[in-house]
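The values are calculated or read from the model by the stated rules, or taken from the named source; none is laboratory data. Quick caveat, the model's predicted, so the values are computed rather than measured. All Cβ positions, even for glycine, are placed from backbone atoms using ideal geometry, and neighbour counts span all protein chains on display. Protein only, heavy atoms only, side chains kept; ligands, DNA and RNA dropped before computing areas. Shrake-Rupley method; radii C 1.70, N 1.55, O 1.52, S 1.80 Å.
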Amino acid sequence: MKRSTRKARSFRRGQASRSLRHANRPRRDFRTKQIMTIRTRFAPSPTGYLHIGGVRTALFNWLLTRRHQGTYVLRIEDTDTERNKPEALQPILDGFRWLGIPWDEGPEVDGPYAPYFQSQRFATYKEAAMRMLASGHAYTDYLTKDQLDSERKAAEVAKKPYIHRGPHRATPADECVRLYAANPTALRLKVPEGRSVVIDDVIRGRVEVQTDTIGDPVILRPDGRPLYNFAAVIDDVAMKITHVIRAAEHLSNTPVQVLVYEALGLPMPTFAHVPVVNEPNSKKKLSKRDMKKFVTADVRAKLRMVGYTDEQIESRDDLNPATVAFYRELGYLPTAIVNYLARLGWSLDDKAEKISMADLIANFSLERVSSAPASFDPDKLYWLAGEYMKELPLEEKVAGCVPFLQRAGLLGASPTPAEIEKLTKIVTAAGDRLKLFSDILTYGRPFLVAKIDYDPKGVEKRLKKAGAADHLRAFAEVLKTAEPFDVPTLDKSLHEYCAAKAIKSGELVHPVRVATTGVEVGVGLFDALAILGRDTVLARIEDALRLA
RNA sequence: GGCCCUGUCGUCUAGAGGCCUAGGACACGGCCCUUUCAAGGCCGCGACACGGGUUCGAAUCCCGUCAGGGUCACCA
């Protein structure tokens, strides 16, 4: 078993290098049975938020179709009507649009294989299930939930694996059809005995599973709603999906699906199971459940800074670092998120980290997707966010900051040209310090409030220091006549003052910074003074002297 | 527990029998620059899970062990 897997893997890698070498002729060289256009799909269930791991899977699907001029489908798997809420779809759609991962077919855009909601396709599943019932590939099962549970428990007590086989397995097909017509019930797939199912996975190689280890799964509920393993197959075929690219957690479902393809005599797609995304510094899957545990004190502080109350953080389940919404709320650039996610478990070569969307599209291949799980690294995402922010045009940076300032009450609903001009100066002065749009709240605050708060630590360290007050008073006199009140002049004035008094520039720079901005950390001092303007600077120094 | 998957620096990865004294990136530490913080420059720390084979030669191929993970629903 292990042997065949490893062989398949090295075989796969051999293929990868070949297709890399002939990257200019992908269509011809692409190693699949399909010659026709590639069609992939991402099939979320409406949960109310976009999970970071799901986005990566979707991205891989999307990237493959962009590279090969294929079609990317978004299909909504909402068959579990008890759990899914219709309004829970919008955040997912919004999220993908914001990230720049549009879908060619699916909700709101439709397409030739509509509808793209499984809840609207029940007739199709029913029809297919009836065919399986008639051909003897499925059978009726009247066992109740309680009976099933006790079977399961009995197997557990006996320490035997629970492999369900219903009482009607051996019932002739026409009898099952009659039974169902008279009394509709759950339908199960009749898993063949004593053979194996082989999955030829692009990422994992050859995977072989014995059918005797697979219980007969329900494919249709008594009320006609299909189960995932069944509906997915029917839809993938109906929507002509050529490549099923999904999370590795679905690998163990695949044998069941393969049996459904076989039972219905349907063509099989190429499978690619991408490894799961793990929690930061962990070997555990970044789970959809208990995401609340990622809301650490640090995370909470950031959310509060951008304007969320504790109640909101508590009640909304998308405000945590496992969702896309979280990064959007904090002002991460979507391009950085896409780049980061693409590199998580996939690589272009031995060097590339920052890869543009165009390069991603030009070079993405399933062959270079790692087969081992990858841990999500918030630090690296943060770094990339900064890298992308550096190259964002100034006007776009300013525009990105505006909503954050408005929410914090530092800017009105419709900013005046003068306000935008000032903000542009602040953003310019902030330079590379601005990595996230929300960083403007830190760097911009001293310039946007009428009255600053003085950081007690800064006051203690810089203003109460011996000599600081005297220098501050004397330098304020210099500032009164500095003309023009701009960066070069201020720079020159301060250094001349320090030279004249024979003090190091730091002895004056630090007190002036704390006096005029209230804090020890911020944009360059002369930039700060110039933005504030002479009157404000003098007034704040005067205020500060009362604390010194 | 059964089945399946996976093991290269803390993390993401390069690596396809000799280009490996194992490369890059994030993080971390130090120094430089400097007006604080960023940014930038330089330097450093740091990994082939283990044990057997095969081979002149193994991170790479084979076997085993160990470890981690995924999954075992009338969820998806």
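Figures for the structure shown
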item: Accessible carbon and sulfur surface of chain A relative to its total accessible area, %, 1.4 Å; result: 53
item: Protection-proxy order for peptides A:399-407, A:152-160, each taking the mean of Cβ atoms within 10 Å per residue, highest first; result: A:399-407, A:152-160
item: Vicinal HN-Hα couplings computed from phi for the stretch A:353-365 (Karplus, 6.51 cos²θ - 1.76 cosθ + 1.60; Hz; Gly/Pro x); result: 10, 8, 10, 5, 4, 4, 6, 4, 5, 5, 10, 5, 8
item: Helix A:145-157 axis, angle to chain A major axis (alpha carbon atoms, nearest 10°); result: 90
item: In order through the stretch A:203-213: 3J(HN,Hα) via Karplus (6.51 cos²θ - 1.76 cosθ + 1.60), integer Hz, x for Gly, Pro; result: 8, 9, x, 8, 10, 10, 10, 7, 5, 5, 9
item: Taking the stretch A:487-548 and dividing mean pair separation by its residue count, relative contact order in percent (alpha carbons under 8 Å, at least six apart); result: 34
item: Gyration tensor (Cα) of the stretch A:30-154, equivalent ellipsoid semi-axes in angstrom; result: 32, 21, 15
item: Derived scalar couplings ³J(HN,Hα) [the stretch A:343-352; Karplus, 6.51 cos²θ - 1.76 cosθ + 1.60; whole Hz; x for Gly, Pro]; result: 7, 7, x, 9, 9, 8, 7, 8, 10, 4
item: Solvent exposure, largest accessible area first (probe 1.4 Å, DNA, RNA and ligands not counted), of A:132, A:357; result: A:357, A:132
item: Solvent exposure ordering (accessible area, 1.4 Å, most first) of A:453, A:149, A:216; result: A:453, A:149, A:216
item: Convex hull per residue volume in Å³, alpha carbons only, for the stretch A:402-481; result: 136
item: Amide H contacts of residue A:369 (H built 1.01 Å from N, under 5 Å, at least 5 apart or other chain); result: none
item: Over 25 Å between alpha carbons, listed pairs A:354/A:397; A:425/A:480; A:451/A:501; result: A:451/A:501
item: Two-site FRET efficiency, residue A:134 against residue A:36, from Cβ-Cβ distance with R₀ of 35 Å, rounded to 0.05; result: 0.70
item: Residue A:39 long-range amide H proximity, modeled H, under 5 Å; result: A:71, A:242, A:243
item: Label-point separation, residue A:127 to residue A:421 (7 Å along Cα→Cβ), nm; result: 6.7
item: Antiparallel bridge percentage (DSSP; both residues within chain A; nearest 5); result: 55
item: Hull volume in cubic angstrom per residue (convex hull over the Cα atoms of the stretch A:445-548); result: 85
item: Amide hydrogen neighbours beyond the local backbone of residue A:277, cut-off 5 Å, H modeled; result: A:286
item: Segment residue A:481-residue A:371, length gained on full extension (0.36 nm per residue, minus Cα span); result: 32.8 nm
item: Computed Kirkwood radius, in angstrom, where 1/r is averaged over Cα pairs of chain A; result: 27.7
item: With Cα atoms, 0 to 90° folded angle of helix A:534-547 axis to chain A main axis; result: 90
item: For chain A: accessible area per residue (Å², 1.4 Å); result: 48
